[in-house]
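Worksheet: the structure to be examined is printed underneath.
The values are calculated or read from the model by the stated rules, or taken from the named source; none is laboratory data. Only a predicted model underlies this, so the values are computations on that prediction, with no experimental measurement involved. Cβ sites come from the backbone with ideal geometry, for glycine too, and all protein chains shown count toward neighbours.
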Amino acid sequence: MTHPFDVRLEALTAGARSSSCEQTQRPRSAAGRTFFIETFGCQMNDHDSEKVAGVLLARGYRPVDSPDAAQVIFYNTCSIREKAAQKVFSRLGQFKAGQDAGKVIGVLGCVAQQEGEEIFERAPWVSLVCGSASYRKLPELLAQIEEGKRRVTGLDTDTDETFETEVTRRDHPFRAYLTIIEGCDKKCAFCVVPYTRGPERSRSSASVLDEVRRLGDLGYSEVQLLGQTVNSYRDPSPRRVSFAELLDAVGRVPGIRRVRFTTSHPRDFGADIVQAMDANPALAEHVHLPVQSGSTRVLRAMQRTYTREGYLEKIALIRNARRSIGITTDIIVGFPGETEADFEETLSLMDTVQYDGAFSFKYSPRPNTPALHLDDPIPEEEKGRRLAILQERQRQIQTRRNEALVGQVFEVLVEGKSRRENQWAGHTSSNRVLNFSSPAENLLGEYAQVRVTRAGPNSLVGEHVT
Ligand code: SAM
């Protein structure tokens, strides 16, 4: 999907400049061809699309604003829940007419990995199918298409490579995303990610820091480090920099004012991360720590590798920090065998933790996952009932927590301007949305001090303190 913000093209390495020199040697068919990437799913998918766009730009393709205007359409897919995966084939159906017009249609991401060549059977107008673990092969696959090959695939997951690109298109003007670890080894019973994104593989700390330095030079002040389990980062270089040390080093790069990271796995969340956050104000005051369930019995069935008590110890580490750190989570309701008592334990954990935000989902059975064969599925209607109760409980918690902030002043990175006169919007360090009024002429990209005057469950309202 196109992003509301301007597009920045960023040359990440000197190599990027040499790749533009290569343009004369490119097959003529690529030069000037237009592309459009439509993206579904998580931030990692969004950022993968930015990197895929970089690969296309480096080969001479030109971005356009709609699939209708594009000669190459890439569809970056998500299969984390069944609904997302179902959408893929109906959307692909809408691209069918494009084949007659000579368009190239490619499927990327988790559905590409999961369905593989089956996609060609169900949607014969597709020419390229490539999962995220094979994105390193994309330039090669594109070259084959440019030479006229009708169908190409990149479906290996058996890889130790990461997808580092010479050129990345940045779709957000102030926040830059960086993948520091790809894939996942955790094997949670509900989750398709280990089967669609391959094994965990980390980038070297030197490569991460090089990219952050370039981002700082280009004027980005906020970076977000990404990984399915970002805090499982293991520096493959002899320096063996830990995740907490990497966070600290990123926060010390000139120009960088806010460092975010997502998603953390509770098992690998240690006191050293909180100590780094306390010691370095550039590390944003926010931890996203998915719990999934408040019942140890269900957590065991989910193969989450921690108990309710163990999770609460991690929360205590964060709550005991010197800085006030916002905590958000992910929760699944209706996992097979979840009893009413288990569900009550999830609600009581929410009362104990007092999350600042929660993404909550009905359990969705996924192909290849261990949970697929568990007994005692919960009926859809019951999952819906539990989800509604849980979301209402969380809404009340958020309302109370946000109301307690009225009168306080927060620093906001200003990311948007409303059509209404003098109205601006941005995020606090703890990742709350703060809409505020200011007579200032242009605040976009600036850090503003804002006093909170009103609060709702999902956002705050305030005024600029000049
Ligand atoms: N890798 C991250 C983790 O383990 O926390 C994020 C994975 S996923 C992109 C985000 C969330 O989707 C998960 O934390 C989980 O709550 C939810 N999810 C994953 N698989 C699911 C499934 N089969 N059914 C319902 N929700 C699911």
Sole miss for Asp100 among (1) at pLDDT 95 or above; (2) farther than 30 Å from Phe359 by Cβ is condition (1)
Could you name every one of the helices (runs of 4 or more DSSP H) located completely within segment 87-133 that has at least 3 residues being under 27 Å from the mean Cα position of the chain (by Cα)? 109-115
Mind checking whether some residue in segment 248-262 is farther than 25 Å from His172 by Cα and part of a loop (DSSP other than H, G, I, E, B)? no
Report whether or not Arg213 is away from the ligand (no atom under 16 Å from the Cβ), within 25 Å of Leu289 (Cβ to Cβ), basic (Lys, Arg) and free of Cβ contacts under 8 Å to residues at least 60 places away in the same chain. no
Selection count where residues are within 16 Å of the ligand (Cβ to nearest atom), farther than 22 Å from Ala143 by Cα and among the polar types (S, T, N, Q), scope segment 78-122: 3
Checking Val291 against (1) within 12 Å of the ligand (Cβ to nearest atom); (2) farther than 19 Å from Thr263 by Cβ: exactly one of these is not met. Which one? (2)
Filter segment 193-202 down to residues that are more than 11 Å from the ligand (Cβ to nearest atom) and crowded, with 23+ Cβ neighbours inside 10 Å and give me whichever is farthest from Gly109 (Cα to Cα). Ser202
Filtering segment 348-385 down to residues that are within 12 Å of the ligand (Cβ to nearest atom) and among the charged types (D, E, K, R) yields Lys362, Arg366, Lys383
Go through the residues of segment 372-383 one by one and say whether even a single one is surrounded by fewer than 18 Cβ atoms within 10 Å (Cβ to Cβ), more than 25 Å from the chain's Cα centre (by Cα) and among the basic types (Lys, Arg). no
Of all residues in segment 217-241, which are within 16 Å of the ligand (Cβ to nearest atom) and outside any loop (DSSP other than H, G, I, E, B)? Gln224, Leu225, Leu226, Val230, Asn231, Ser232
